[in-house]
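Some notes on the structure that comes next.
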Amino acid sequence: MSKKRATWYFQLPWHVESPLLTDIGLALDRVVPRDPEHLPPATVTLMDTADERLQRAGVKVAQQSYGDHGEWFVWGPDWTPWLPAERDDPVGVEAELPDEVADLTRPFRGRNALRPVVVATRMRVRYAVIDDHGTVVATLTSDRIVVRRRGVAAGRFRQVAIDVAGLDPQRRAFIIERFEAIGAQRVDALPHLFEQAVAASRDDALPGERPAGGSLDAFVGWVLARRAREVITNDLALRSGEVGDATALVVALAGLRDELEALSGLLQPAWRDEQLRRLDALGPDPDGHVLAHDDYLDLLDALEAATRTPPLTVDGATAARAVLGERLGGDRLRLIGHVDALIRGDLVGGDLMGRDQARGGGSQSITRKEWMRALTVGEQALQLTEVAGVLFGRRKHMVRLLGKVVAALSAARPPEGPLSDDEIAELSPAQAYAAGRAVERGLQVTGAERRYLVDHWPTWRAKLLALTFSSNKPSASGDHR
């Protein structure tokens, strides 16, 4: 019957000599190497891009090698089910980066190559403790581990595991005494080489429900990081075959466009315009070819870099609430001013088929232009509120309120002007009659929608004025145009 295994574990100071485990009185005669040759080193290498974007996203890529044998692992607990939550089964055994690993990490690394970032190397020697009869009474495994981060030593460890199942109590006490004499500490277990490599890597938190800091840098970085996470999530779902088309990914990219437009004036124009150009180049892509598009990969790169260092036109250390509160308050007051003017009849009181009779002059094109200006201000206010409203509380309430105003303005805007005399001359009598009826019906619909806006505006206006975007409640006075 075999002896029950009993293993003790010790952590040793790096610089001390190994303990002498022989003793004549206890008949511990000698300690000899168990292996005829040195064992090959074991290595765990964490791979990442030069700027370590995988680790910032909570994704680990590692190669474990022992002699000529190597295995690749990818895991990311925040990205299940597309990535394994734990380091379980290897995804490849090639010496070079396997295609599967390259594909799994593509949304995180873009076109950037993976390179070693952390390397943990273990040199192992195994010994046998032999008594005066030549019997092996204990086996000892001694490891020296060096962890390097970007080539610089980040940690050095010595650890020993000793099987004491064949030792009596006196010999066991002797072993403990010898290890304690050199400053060794007995522990319940020793960390795996993977754990020691991961401990030297970074472990950034993913963006939460609210920005981690109050600065403009922190807020804009948070907005872009959350958008990047949504894009990558839908990218992984498409790559894995979980979804059959790129609809959700296209929607996520459209959301990025809205945020870039909402933050105009804060983001550097050249950077913002380049990302909008890339989004334009991608276009609607239900078949998912976007995943291999150079502009898509470049967009991922730019977005990831911007989450760390937002390309702002103003001081990023400024309080986000102060900057965005001022903009939201200004947009709100401009919207109120425009709609007040529209409803007073300053801009739309005339005959929409021809001249603006209420103003005694002017043309339909001016009326429509001013109406569209009010609609644009409302859309801008809504867009910025959807992005920055989280800083001020009651975001959903603000978005719903502005959404109602924008929808009413859009429905009540004047129709396109009537056909010119030259255009009418080219129509048949039946076509001219149909065109006239279409204009008449459009005016009837517009009139009903305008009455709806006029009826509801006092309530909406009061609610808009009640919104606060800073410590000082904005006034409704001043130039609102």
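The values are calculated or read from the model by the stated rules, or taken from the named source; none is laboratory data. From a predicted model like this one, the values you see are computed outputs, not experimental measurements. We place every Cβ from the backbone using ideal geometry, glycine too, and count neighbours over all the protein chains shown.
When the criteria are applied in full, Lys404 fails the requirement of being at pLDDT 85 or above, surrounded by fewer than 20 Cβ atoms within 10 Å (Cβ to Cβ), under 27 Å from Asp455 (Cβ atoms) and under 28 Å from the mean Cα position of the chain (by Cα).
Going by the conditions given, is Glu195 under 23 Å from Pro81 (Cα atoms), over 17 Å from the mean Cα position of the chain (by Cα) and either modelled with pLDDT of 90 or more or assigned by TED's automatic domain parsing to the domain that holds Trp82 (or both)?
Numbers: under 23 Å from Pro81 (Cα atoms): yes; over 17 Å from the mean Cα position of the chain (by Cα): yes; either modelled with pLDDT of 90 or more or assigned by TED's automatic domain parsing to the domain that holds Trp82 (or both): yes.
So Glu195 fits the description; yes.
Contact annotation: residue pairs with Cβ atoms under 8 Å, 6 or more positions apart or on different chains, pairing a residue in the stretch 165-188 that is more than 20 Å from Glu17 (Cβ to Cβ) with a partner that is in a helix (DSSP H, G or I), are Leu167/Ile175.
Collect the residues in the stretch 192-222 that are closer than 19 Å to Phe157 by Cβ, assigned to a loop (DSSP other than H, G, I, E, B), touching a residue at least 12 places away in the same chain (Cβ under 8 Å) and not aliphatic (A, V, I, L, M), keeping them in residue-number order. Listed by number, the list holds a single entry, Ser201.
Note on the stretch 278-317: residues that are over 20 Å from the mean Cα position of the chain (by Cα) and either within 23 Å of Leu382 (Cα to Cα) or aromatic (Phe, Trp, Tyr) (or both) total 3.
Quick check: anything in the stretch 304-315 among the polar types (S, T, N, Q) and in a helix (DSSP H, G or I)? Yes.
Determine the pairs where a residue that is over 24 Å from Arg122 (Cβ atoms), located within the stretch 50-66, has a partner that is crowded, with 18+ Cβ neighbours inside 10 Å and of a type in the set (D, E, K, R) with Cβ atoms under 6 Å apart, the partner being 6 or more residues away or on another chain. Pairs that qualify, where the first residue is over 24 Å from Arg122 (Cβ atoms) and the partner is crowded, with 18+ Cβ neighbours inside 10 Å and of a type in the set (D, E, K, R), are Arg53/Glu304.
Tell me, yes or no, whether the stretch 86-95 has at least one residue that is part of a strand (DSSP E or B), within 29 Å of Leu297 (Cα to Cα) and in the same structural domain as Arg172 (by TED's automatic domain parsing). Checked the stretch 86-95: at least one residue is part of a strand (DSSP E or B), within 29 Å of Leu297 (Cα to Cα) and in the same structural domain as Arg172 (by TED's automatic domain parsing). Whether any residue in the stretch 215-226 is surrounded by fewer than 13 Cβ atoms within 10 Å (Cβ to Cβ) and of a type in the set (S, T, N, Q) is what I want to check. No - not one qualifying residue is present in the stretch 215-226.
Looking at the stretch 43-90, which of its residues are among the hydrophobic types (A, V, I, L, M, F, W, C) and closer than 25 Å to Ile145 by Cβ?
To start, the set of residues in the stretch 43-90 that are among the hydrophobic types (A, V, I, L, M, F, W, C) comprises 44, 46-47, 50, 54, 57, 59, 61-62, 72-75, 79, 82-83, 85.
Val44, Leu46, Met47, Leu54, Val59, Val61, Ala62, Trp72, Phe73, Val74, Trp75 - these are the residues of the stretch 43-90 that are among the hydrophobic types (A, V, I, L, M, F, W, C) and closer than 25 Å to Ile145 by Cβ.
Anything in the stretch 168-202 that is of a type in the set (Phe, Trp, Tyr) and under 30 Å from Gly25 (Cβ atoms)? List them, or say none. Even if it seems obvious, please write down each step before you answer.
Just the residues of the stretch 168-202 that are of a type in the set (Phe, Trp, Tyr), to begin with: 174, 179, 194.
Across the stretch 168-202, the qualifying residues are Phe174, Phe179.
Yes or no, residue by residue, for (1) touching an Asp or Glu at 6+ places or on another chain (Cβ under 8 Å); (2) surrounded by fewer than 18 Cβ atoms within 10 Å (Cβ to Cβ); (3) assigned to a helix (DSSP H, G or I); (4) without any contact (Cβ under 8 Å) to a residue 24 or more places away in the chain:
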| residue | (1), (2), (3), (4) |
| --- | --- |
| Val117 | yes, no, no, no |
| Ala120 | no, no, no, no |
| Ala138 | yes, no, no, no |
| Arg156 | no, yes, no, no |
| Gln159 | yes, no, no, no |
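Scan the stretch 248-270 for residues that are more than 23 Å from Val390 (Cβ to Cβ) and either crowded, with 18+ Cβ neighbours inside 10 Å or in contact with a helix residue (DSSP H, G or I) (Cβ under 9 Å, 6 or more places away or on another chain) (or both) and the total you get is 2.
Here are Gly166, Gly183, Gly151, Gly110: which of them is over 40 Å from the mean Cα position of the chain (by Cα), outside the structural domain of Thr233 (by TED's automatic domain parsing), on the phi > 0 side of the Ramachandran plot and not aliphatic (A, V, I, L, M)? Among Gly166, Gly183, Gly151, Gly110, only Gly183 is over 40 Å from the mean Cα position of the chain (by Cα), outside the structural domain of Thr233 (by TED's automatic domain parsing), on the phi > 0 side of the Ramachandran plot and not aliphatic (A, V, I, L, M).
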